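Derivation of every value follows stated rules applied to the coordinates shown; laboratory data play no part. This one's a predicted model, so the numbers in the text were calculated from it and none came from an experiment. Using ideal geometry, Cβ is built from the backbone for each residue, glycine included, and neighbour counts are taken over all protein chains shown.
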């Protein structure tokens, strides 16, 4: 049925022109589209080792309960995580992935014409969520692929409500040190909320100068930290993340949170995953070794990669990347083109198993 032109007049004007987030090409779609078997996906920063084995056992155990609504406040996950992090349970808010918590922050603090300061490039959800709420996005270009905190600080004014810092950043992979972050937070007015997106925390925390953000919460009540079970614990398909903040911020976030937003199996899997320390160590070891291999091999190919502390590597081809991306697709290797971030000569590759990494380098040589 054709849609009447008058229908579009009912859509909020600020939604016009917002580009929806485009995820990486699914593995099944690639295999179906190109008639390829044994394709590998190295595009969405997923855990190449699969999910936490303890999480899988927990999900199987609770499958016969899925006819019931989940615990709305994530009670048991909240109790376990509060002890693990040494924070009060009323400092925690849970989301359908940490993405939802980032959206909660914008929904809570940003209204029409309010300003949100972000880096450029950075995670695309910050801008999308801000524009949905009719807020104004203030982009601050990175300096040599690192956050320019001095420039971000200069953008703060009476309209500023939120500042997003992805630490480490996606899609870049670099991080802000504790000293630089602390100096920045000292300057930020207490009525401006700083969201520290630590989706890749488990890979970056091995760096000695990586911030102990939970400690900083004691000094900066306007700080909100988000983390996820998607990456290091391999639970991306379940969508479960959490935020840690002051009780006041947490209470406000809960006012915009939908009831039952974290499903039953996700909660049980996350509880079990917290005990799976051996899987976490194996994941970090795999990523650390794979990162070293990929950066060395990319250098041998004459390509420049951005120094990263995450489970992905951003690298510059020095020419339009789309043809190389498509050539890799035809060989069954999915990576991420960077056009959406304005980086048309770059590709981002997720660190996989060593077998995946070697195959990627082999096919990249052919594509070049």
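Arranged from fewest to most other beta-carbon atoms within 10 Å of their beta carbon, 94, 109 become 109, 94.
Normalise the Debye intensity by I(0) for the range 53-273, one equal point scatterer per Cα, no solvent, then take log10 at q = 0.08, 0.12, 0.15 Å⁻¹ and round to two decimals. The calculated log intensity ratios at q = 0.08, 0.12, 0.15 Å⁻¹ are -0.27, -0.62, -0.96.
If you take all C-alpha pairs in the range 216-283, what percent of them are over 20 Å apart? Don't skip to the answer; put the middle values down first.
On the way: 934 of 2278 pairs.
The share of Cα pairs beyond 20 Å in the range 216-283 comes to 41 percent.
Considering the range 315-366 at the alpha-carbon level, its Rg and Dmax are found to be 10.6, 31 Å. Here the contact order of the range 53-273, divided by its residue count and restricted to Cα pairs under 8 Å and six or more residues apart, works out to 30 percent.
Residues within the reach of a label modelled at residue 33 (point 7 angstrom out along Cα to beta-carbon, backbone nitrogen below 17 Å), restricted to the range 309-333, are 321-333. How many percent of Cα pairs in the range 17-73 exceed 12 Å? That tail contains 79 percent of the Cα-Cα pairs.
Among 149-161, 60-72, how do they line up by average Cβ neighbours within 10 Å per residue, starting with the highest?
149-161, 60-72
Nearest 5 is fine: what % of DSSP beta bridges in the chain come out antiparallel, could you say? It would help to have the intermediate numbers written out before the result.
Values: 19 of 39 bridges.
The answer is about 50 percent antiparallel.
Taking 1.002 mPa s as the viscosity and 20 °C as the temperature, the Stokes-Einstein diffusion coefficient of the range 249-307 based on its alpha-carbon Kirkwood radius rounds to 139 µm²/s.
Express as a percent, rounded to the nearest 5, the fraction of DSSP beta bridges in the range 172-310 (both residues included) that run antiparallel. Before the final figure, lay out the partial values.
On the way: 5 of 9 bridges.
Percentage antiparallel, nearest 5: 55.
Projecting label points 7 angstrom from Cα along Cα→Cβ for residue 218 and residue 86 puts them 0.8 nm apart.
Taking N as the residue count of the range 69-156, its C-alpha radius of gyration divided by 2.2 N^0.38 Å amounts to 1.36. Looking only at the range 33-186, where both bridge partners belong to it, what percent of the DSSP beta bridges are antiparallel (to the nearest 5)? Antiparallel bridges make up about 10 percent of those DSSP assigns within the range 33-186.
For the range 1-113, what does the equivalent ellipsoid look like in terms of its semi-axes, each the square root of 5 times an eigenvalue of the Cα gyration tensor, given largest first in whole Å?
Values: eigenvalues 219, 161, 54 Å².
Ellipsoid semi-axes (Å, largest first): 33, 28, 16.
Can you give the FRET efficiency for residue 183 and residue 113, using 1/(1 + (r/R0)^6), R0 = 41 Å, r = Cβ-Cβ distance, to the nearest 0.05? Efficiency for this residue pair is about 0.90.
Summarise the long-distance tail of P(r) for the range 199-356 by giving the % of C-alpha pairs beyond 26 Å.
Working: 5326 of 12403 pairs.
Taking all Cα-Cα pairs of the range 199-356, the fraction more than 26 Å apart is 43 percent.
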